[in-house]
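The values are calculated or read from the model by the stated rules, or taken from the named source; none is laboratory data. Owing to the predicted nature of the structure, the values given are computational and were not obtained by experimental measurement. Every residue, glycine as well, gets a Cβ built from its backbone with ideal geometry; the counts of neighbours run over all protein chains shown. Calculation scope for accessible area: heavy atoms of the full protein, side chains included, ligands and nucleic acids excluded. Shrake-Rupley method; radii C 1.70, N 1.55, O 1.52, S 1.80 Å.
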Amino acid sequence: MESIHPHFKLILGSSSIARRKILTDMGYQFTLMSADIDEKSIRKDKPEELVLALAEAKAEAIMQRIPDGDNIEEDKSTLLITCDQVVVYEDTVREKPSSVEEAREYIRGYSKGHTATVSSVAVTNLKTGLRKSGVDKVEIYFNEIPEETIEKLIEEGTVLKVAGALLIEHPLILPCVKEVAGTTDSVMGLPKELTEKLIKEVLAMTSI
């Protein structure tokens, strides 16, 4: 699919269904590519630095897979969007759970407590190599999460595939969410406002 914006094409460098839906809701059409990187090999002290480094590493990995000139037209910029997200709980970074037991432990910890998501977005112009990136943070506060709800989430399995086993938009979890200080789209992995800002910045740099 080509972008409905005639002056540039868009590639989403993610296999996330949630990110795909958010970008579609923003009015964009795009092609999909996913980055095959060893995320555990990239470590940073601060969560903001980690998610930025991972989003940029994903961009580099995808760029290496695109032959020169492929997907790039002379009269159009091709923009690549890559993202990453971690959950921060009690100053500890949580990525995707490594087991069912870890996922269960993560969700139990959120009950009557709070956590935060730290999400990064990197927008790269494949024609010029110019890149802009940024980070968005959201605080989430929970009521009690019943044990029965936790077990249903584990049995369903989706929580095993997301950072921190955190899915606030899930119908089982939604009633347990007390307050979200930030936007749901950011928690789902693609902050709309930041993404739009970065796309505009990269396009502005291109036209200079």
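For the chain, with every protein chain kept in place, what is the accessible area per residue (1.4 Å probe, Å²)?
Numbers: 10560 Å² over 208 residues.
Heavy-atom SASA per residue in the chain reads 51 Å².
Taking only Cα atoms and a 10 Å spring cutoff, compute GNM fluctuations for the chain and point out the largest among T183, T117, T158.
T158
Which value in nm describes the separation of the simple spin-label points at E156 and V100, placed 7 Å from the Cα toward the beta carbon?
1.7 nm
Which ³J(HN,Hα) values, rounded to whole Hz and listed in residue order, are derived for region 125-140 from phi using the Karplus coefficients 6.51, -1.76 and 1.60 in 6.51 cos²θ - 1.76 cosθ + 1.60 with θ = phi - 60°, glycine and proline given as x?
Listing the rounded values in order: 8, 5, 7, 10, x, 5, 9, 10, 9, x, 10, 10, 10, 10, 9, 10 Hz.
Are any of the pairs K58/K152; K96/K127; K44/K152; K46/K152; K112/K132; K137/K161 more than 31 Å apart by Cα-Cα distance, and if so, which? Mind dumping the intermediate values first?
Numbers: K58/K152 33 Å; K96/K127 33 Å; K44/K152 34 Å; K46/K152 33 Å; K112/K132 37 Å; K137/K161 20 Å.
From the list (K58/K152; K96/K127; K44/K152; K46/K152; K112/K132; K137/K161), the Cα-Cα distance tops 31 Å for K58/K152; K96/K127; K44/K152; K46/K152; K112/K132.
List every residue whose amide H lies under 5 Å from the amide H of Q29, counting only residues 5 or more places away in sequence or on a different chain, with H placed 1.01 Å from N in the peptide plane.
I4, H5
Please list E90, E101, E49 in order of solvent-accessible area, largest first, computed with a 1.4 Å probe with all protein chains present. If you can, show how the numbers build up before the last one.
Numbers: E90 140, E101 120, E49 85 Å².
Result, largest first: E90, E101, E49.
Taking the simple approach of a point 7 Å from Cα along Cα-to-Cβ for both E147 and R65, what is their distance in nm?
A separation of 4.3 nm, rounded to one decimal place.
With a 1.4 Å probe and all protein chains kept in place, how do D84, D36 rank by accessible area, largest first?
On the way: D84 10, D36 145 Å².
Highest to lowest solvent-accessible surface, that is D36, D84.
Just to check I understand the Karplus step: with θ = phi - 60° and J = 6.51 cos²θ - 1.76 cosθ + 1.60, what whole-Hz values come out for region 157-174, glycine and proline as x?
x, 4, 5, 6, 9, 10, 4, x, 6, 10, 9, 5, 7, 5, x, 6, 8, 3
Which one of S16, S98, S111 has the biggest mean-square fluctuation once the chain is modelled by GNM with Cα springs under 10 Å?
S98
With every protein chain left in place and a probe of 1.4 Å, what is the accessible surface of V177, to the nearest 10 Å²?
About 30 Å², ignoring ligands and nucleic acids.
For region 176-182, just list the computed ³J(HN,Hα) in residue order, Karplus coefficients 6.51, -1.76 and 1.60, θ = phi - 60°, integers in Hz, with x standing in for Gly and Pro.
Those phi angles translate into 8, 7, 7, 7, 10, 9, x Hz.
Angle, helix 147-156 long axis vs. longest principal axis of the chain, Cα atoms, 0 to 90°, nearest 10?
On a 0 to 90 degree scale, this one is about 40.
Considering only protein heavy atoms and a probe of 1.4 Å, how much of the accessible area of the chain is carbon and sulfur, as a whole percent? Numbers along the way, then the final one.
Details: 5130 of 10560 Å².
Result for the chain: 49 percent of the exposed heavy-atom area is carbon or sulfur.
Dipole magnitude of region 48-195 about its Cα centre, charges +1 at Lys/Arg Cβ and -1 at Asp/Glu Cβ only, in debye to the nearest 20?
Dipole about the Cα centre, nearest 20: 180 debye.
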